[in-house]
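Inspection log for the structure reproduced underneath, given as structure tokens.
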Amino acid sequence: SNHGRWAMEWVGQLPLASQPTVTVLHVIDKASVRSSFLAQPVVWGVNEEAIEEESDQLDARAKETAEQAKQYLLAMGLKGKVVRAKGAVGTTILEKAPKRDGLVIVGSRGLDRLDRFALGSVSTDVSLQAPCPVLIVKEEPRPTARMVFATDGSKAAEKALQFLMEKMAPH
């Protein structure tokens, strides 16, 4: 998606103090394919064939996306790898998230309240449960001239400030 591509592009634009090792994660949730067909009338064999076709298309797009990500890493001079995984998107991201010394960058599709309620929000789940800082990307990268750091004096806010001071190197 555009939001996923933008999230990847932000990696190359962030003013980080040192070059990170990047893991580009592409997750395929085949259960979502099956559930989209459950609302349709069941005709023996027809739905399974359509599900298989949709699944094959997801696999083909995943291969294409992984190749594009590899090319992007090379073009930006970033070291890292591309990983394809299957499972629930939010859960899989959380399983692969760095435990302490990293950053998760995830694209936000900008769902409205009804869609978030019906579909869930991957970026919300990840931001609430990740063991490390999370950057949610809502637009394509651009130079960042200003940041707002909000604090309540808590330990969590202290950790956020420490992350900014140690990991970011604004020009």
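The values are calculated or read from the model by the stated rules, or taken from the named source; none is laboratory data. Model, not experiment: these values are computed from the prediction. Glycine gets a Cβ as well: all are built from the backbone with ideal geometry, and neighbour counts include every protein chain shown. What goes into the accessible areas is simple: the full protein's heavy atoms, side chains included, and nothing from ligands, DNA or RNA. Shrake-Rupley method; radii C 1.70, N 1.55, O 1.52, S 1.80 Å.
List the pairs whose first member sits in region 128-148 and is farther than 14 Å from Ile93 by Cβ, whose second member is polar (S, T, N, Q), and whose Cβ atoms are under 7 Å apart, counting only residues at least 6 apart or on separate chains? If the second residue must be polar (S, T, N, Q), the pairs left are Lys138/Ser108; Pro141/Gln13. Among all positions in region 139-155, there is no residue which is open to solvent by less than 70 Å² (accessible area, probe 1.4 Å), small (Gly, Ala, Ser) and under 22 Å from the mean Cα position of the chain (by Cα).
Yes/no matrix, rows are residues, columns are (1) exposed (fewer than 14 other Cβ atoms within 10 Å of the Cβ); (2) under 22 Å from the mean Cα position of the chain (by Cα); (3) at pLDDT 85 or above:
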position	(1), (2), (3)
Ser1	yes, yes, no
Ala7	no, yes, yes
Pro15	yes, yes, no
Ser32	yes, yes, no
Phe37	no, no, no
Val43	yes, no, no
Ala50	no, no, no
Arg61	yes, yes, yes
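Scanning region 71-91 for residues that are over 12 Å from Lys30 (Cβ atoms), surrounded by 14 or more Cβ atoms within 10 Å (Cβ to Cβ) and not polar (S, T, N, Q) gives Tyr72, Leu73, Met76, Leu78, Gly80, Val82, Val83, Arg84, Gly90. Taking helices (runs of 4 or more DSSP H) as the structural unit, those lying wholly within region 81-133 and holding at least 2 residues that are at pLDDT 85 or above, polar (S, T, N, Q) and within 20 Å of Lys159 (Cα to Cα) correspond to 122-129.
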